[in-house]
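K.L.:
Before anything else, here's the structure in question.
The values are calculated or read from the model by the stated rules, or taken from the named source; none is laboratory data. Everything numeric here is computed off the predicted structure, so don't read it as measured data. With ideal geometry, Cβ positions are generated from the backbone for all residues, glycine too; neighbour counts draw on all protein chains shown.
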Amino acid sequence: MTKTLEKTSLFLPGMLAKDKALLDSLRESDLFEGMSMEDIEGCLTCSGARLVNFGKGETIFHMDDAPTKVRLLVSGEVLLGRDTPDGRRIVMGTYDRPGDLFGEVYLFVNTSTYDHYAEALKPTQVLEIPKDFFYHTCGKGCAHHSRLISNTMQILAKKAYFLDRRLLILSSTSLREKIAKVLMMTDEQHPGEPLRMTREQLAQYISTTRPSVSRELMNMQEDGLVRVERGGIHISNREELELLTES
């Protein structure tokens, strides 16, 4: 990983009206569910939010950094990972959808540091909101501030649910079953979209090797279960995959 060179800009009133791409990214986020452009802008202005740009390979936060901000992906792609003493990388997750939050759980579980790092896999823009804004409402009693906190609680509940699902994946007895469960979990979160992990990332996610994943994906494609394309891994036979996840 390379040293982080942050290029930041403070969020200012009027930015959303001038930047449709930014507004569209924020509206995609569950964090701003049910909020108007004015509501979103009010939250970001009041909180002192910042937009931060990272180059490919730059670190967004390190292991042992203190969690002080909620981070939302505006554009690009982010990997959360840990490196083992023997040099292997363990992938905790990848994020490439505008509006995704990452690393936010650590702000609310009374831990002083992260136990993983976040790295930009391509040029990436991140919205950073100070954590104090999520712990109490301001003296104005703004409805959009309360809605933001409520949305955050729902996001944390969903993250806990899908963490339980990942534990079920790792406890599966066969590699095919693990891959099937990852595909079905992804489809549950983002219906109709392919799994966009690379084979290396998928192997790290389910704790196996890249060659093993490549062989099994080829076998699954030959059996008509999946379709592997440059843009990701698509589900071809949902019924058969569901049977695998129930085994």
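K.L.:
Any chance segment 26-45 includes a residue that's in contact with a Pro (Cβ under 7 Å, 6 or more places away or on another chain) and in a helix (DSSP H, G or I)?
P.N.:
yes
K.L.:
Sticking with this structure for a sec: Report whether or not A143 is farther than 25 Å from V52 by Cβ, touching an Asp or Glu at 6+ places or on another chain (Cβ under 9 Å), among the small types (G, A, S) and outside the structural domain of I60 (by TED's automatic domain parsing).
P.N.:
Criteria not met by A143.
K.L.:
Let me ask you something else. Quickly run through segment 58-114 and pick out the residues that are within 22 Å of F134 (Cβ to Cβ), basic (K, R) and out of contact with any His (no Cβ under 8 Å at 6 or more places or on another chain).
P.N.:
Of everything in segment 58-114, those that are within 22 Å of F134 (Cβ to Cβ), basic (K, R) and out of contact with any His (no Cβ under 8 Å at 6 or more places or on another chain) turn out to be K69, R71.
K.L.:
Taking the condition of being in a helix (DSSP H, G or I) and buried (at least 18 other Cβ atoms within 10 Å of the Cβ), how many residues in segment 156-176 meet it?
P.N.:
Count: 3.
K.L.:
Still on this structure, please answer the following. Exactly one condition in (1) without any contact (Cβ under 8 Å) to a residue 40 or more places away in the chain; (2) in contact with a Phe, Trp or Tyr (Cβ under 9 Å, 6 or more places away or on another chain); (3) surrounded by fewer than 18 Cβ atoms within 10 Å (Cβ to Cβ); (4) within 23 Å of Y205 (Cα to Cα) is not met by T45; state its number.
P.N.:
Going through the list (1) without any contact (Cβ under 8 Å) to a residue 40 or more places away in the chain; (2) in contact with a Phe, Trp or Tyr (Cβ under 9 Å, 6 or more places away or on another chain); (3) surrounded by fewer than 18 Cβ atoms within 10 Å (Cβ to Cβ); (4) within 23 Å of Y205 (Cα to Cα), T45 breaks only (4).
K.L.:
Do you know which residues across segment 203-230 are without any contact (Cβ under 8 Å) to a residue 24 or more places away in the chain and part of a helix (DSSP H, G or I)?
P.N.:
A203, R210, P211, S214, R215, M218, Q221, E222 - these are the residues of segment 203-230 that are without any contact (Cβ under 8 Å) to a residue 24 or more places away in the chain and part of a helix (DSSP H, G or I).
K.L.:
Counting just the residues of segment 208-247 that are modelled with pLDDT under 90 and closer than 14 Å to L195 by Cα, which one comes out surrounded by the most Cβ atoms within 10 Å (Cβ to Cβ)?
P.N.:
Checking each candidate, the answer is G231.
K.L.:
Does at least one position in segment 91-110 carry a residue that is modelled with pLDDT of 95 or more and polar (S, T, N, Q)?
P.N.:
No, there is no match, as no residue in segment 91-110 is modelled with pLDDT of 95 or more and polar (S, T, N, Q).
K.L.:
Can you work out which of the residues in segment 96-133 that are of a type in the set (S, T, N, Q) and in a strand (DSSP E or B) is nearest to N151 (Cα to Cα)?
P.N.:
Q125
K.L.:
Now for a separate question. Would you call A118 closer than 20 Å to L156 by Cα, of a type in the set (A, V, I, L, M, F, W, C), surrounded by fewer than 18 Cβ atoms within 10 Å (Cβ to Cβ) and modelled with pLDDT of 90 or more?
P.N.:
When the stated conditions are applied, A118 does not pass them.
K.L.:
Additional query: Restricting attention to segment 178-202, which residues are part of a loop (DSSP other than H, G, I, E, B) and either small (G, A, S) or exposed (fewer than 13 other Cβ atoms within 10 Å of the Cβ) (or both)?
P.N.:
Selection gives H190, P191, G192.
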